[in-house]
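Below: one structure, written as structure tokens.
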Amino acid sequence: MKILSKMSSQKIWVVCCLLNFLTASIMGLLMRYSYLFPLNINYVFMLHAHSHVAMLGWAYLMIYVLIVRFFIPKDKSQKPIYNILFWLTEFSVIGMMIAFPIQGYALFSILFSTMHILLSYVFCWITWRDFSKEKTETQRLLVSAILFMILSTFGVWCLGPAINMLGKQSAFYQIAIQFFLHFQFNGWFLFAVLALFLKQFEDEIDKKKFKIFFTLLIIATFLTVAFPVSWYLKNGLLSLINSIGVIIQIIAFVYCCKMFKSPISIFKFNLDNSAKAVYRLAICSVFLKIGIQLLVLIPDLNEVSHQIRNLIIGFVHLTTLGIITGFLFGILIQNNVLSGKSVFLRVGIKFFILGYIATELLLFLQGIFFYLKKGIISYYSESIFLMSILIVSGLILITISLFKNKKQGLIN
């Protein structure tokens, strides 16, 4: 408590986000433990809690903190509304953290989820109002991210009518869920972390190449929603639209690589080794994600991509742990919120990266085994549980390093 009392309110935000992430990872560890030793938990309920806390308690709130720091002028970011809004949002996350494991999707979990969405609208409004008037490249990315976040919630509002009219098994209901997830992950989260990442290297950006990258990425984001929709509506046109979107996305990221004036220098100037490691992890994960999207253009792979659970989890973790978390950790270390000089941080990052890579390899390898009808890999459950312990251990050490860091430099 003494340590917390010495921190500014916004530094406590970062602690809160990391604790949310740790809680979500422990929930994931419990689910993997339950495959080895039965627990008195409802697996599906715990899965809902795990995913909501990871998405909304870690990714959303950490992006919130960094947007306030990097995109809101200091005189405006000190307004009480940002602190009040943060803690109201955290309250909704804690509500979901408690309600989902107990009741799954029911009255209280739905109320807290709805509360989070409404609070996100408030965040969009005050951010839009308080933005710096300077129209930079990174600000364009962030504005797009916010618009994608609002767009994604339309899918949530369609769930009620979908259940009442056609039921949970209907294509309408499933498409509404996929619409929300697509524009959350590929719109709001991806555009936001790219905006925050590029903000760190704004002077290195070639404006003409950025414009091409930005335009192509927006087009690709809209076109590739056809992929999850094609799981429920069988139409060759959807596959064609998705194929065009994936190709455009590849071209977009080629321009992303080209738009840096001095690409090598980005990783030389004032970057700690831990920051370099997580940034490289994030960038490699981006290109691996694109590679997988390219592979599933093959009709046979397209068909099984949403039927084999291991492949689905592997792909989701590729985005959340690899891309989103990789960029967020990199920004936190680069700005000395997480000190690269801390032994806890260095070891924690190594544990996290090793655990992430190992669990991804196991998930995708087991998915391939199922696809080839070769059954379960020997000691698969034991192996993935042990590797998941590395992720949890890494997050514990990373959180400890925050308390040990006496020169936190991101938020004053």
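The values are calculated or read from the model by the stated rules, or taken from the named source; none is laboratory data. What you are looking at is a predicted structure, and each value in this text was computed from that prediction instead of being measured. Please note: Cβ atoms are built from the backbone with ideal geometry, for glycine as well, and neighbour counts cover all protein chains shown.
Here are a few things to note about the model shown:
- Filter result for Ile308 (out of contact with any strand residue (DSSP E or B) (no Cβ under 9 Å at 6 or more places or on another chain) and buried (at least 20 other Cβ atoms within 10 Å of the Cβ)): no
- Picking from residues in the stretch 121-160 that are closer than 18 Å to Ile63 by Cα and among the polar types (S, T, N, Q), the one that is modelled with the lowest pLDDT is Ser132.
Yes or no, residue by residue, for (1) modelled with pLDDT of 95 or more; (2) of a type in the set (Val, Ile, Thr); (3) more than 18 Å from the chain's Cα centre (by Cα):
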position	(1), (2), (3)
Ile324	yes, yes, no
Val343	no, yes, yes
Leu361	yes, no, yes
Ile368	no, yes, yes
Tyr371	no, no, yes
Leu402	no, no, yes
Gly409	no, no, yes
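- Residue in the stretch 214-225 that is aromatic (Phe, Trp, Tyr), part of a helix (DSSP H, G or I) and within 28 Å of Ile353 (Cα to Cα) present: no
- The residues on offer are Ile266, Ile219, and the sole one that is among the aliphatic types (A, V, I, L, M), surrounded by fewer than 17 Cβ atoms within 10 Å (Cβ to Cβ) and at pLDDT 95 or above is Ile219.
- The set of residues from the stretch 145-169 being of a type outside the set (A, V, I, L, M, F, W, C), assigned to a helix (DSSP H, G or I) and touching a Phe, Trp or Tyr at 6+ places or on another chain (Cβ under 9 Å) comprises Ser152, Thr153, Gly155, Pro161.
Rundown of residues vs (1) surrounded by fewer than 21 Cβ atoms within 10 Å (Cβ to Cβ); (2) touching a residue at least 60 places away in the same chain (Cβ under 8 Å); (3) not in a helix (DSSP H, G or I), yes/no style:
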residue	(1), (2), (3)
Ile81	yes, no, no
Met96	no, no, no
Ser109	no, yes, no
Leu118	yes, no, no
Ile126	yes, no, no
Arg129	yes, no, no
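- Condition check for Phe172 on (1) part of a helix (DSSP H, G or I); (2) out of contact with any Leu (no Cβ under 6 Å at 6 or more places or on another chain): one failure, at (2).
- A single member of Leu271, Leu237, Leu198 is at pLDDT below 95 and in contact with a Ser or Thr (Cβ under 8 Å, 6 or more places away or on another chain), and it is Leu198.
- Flag if Ile63 is modelled with pLDDT of 95 or more, surrounded by 19 or more Cβ atoms within 10 Å (Cβ to Cβ), closer than 30 Å to Glu137 by Cα and among the β-branched types (Val, Ile, Thr): yes
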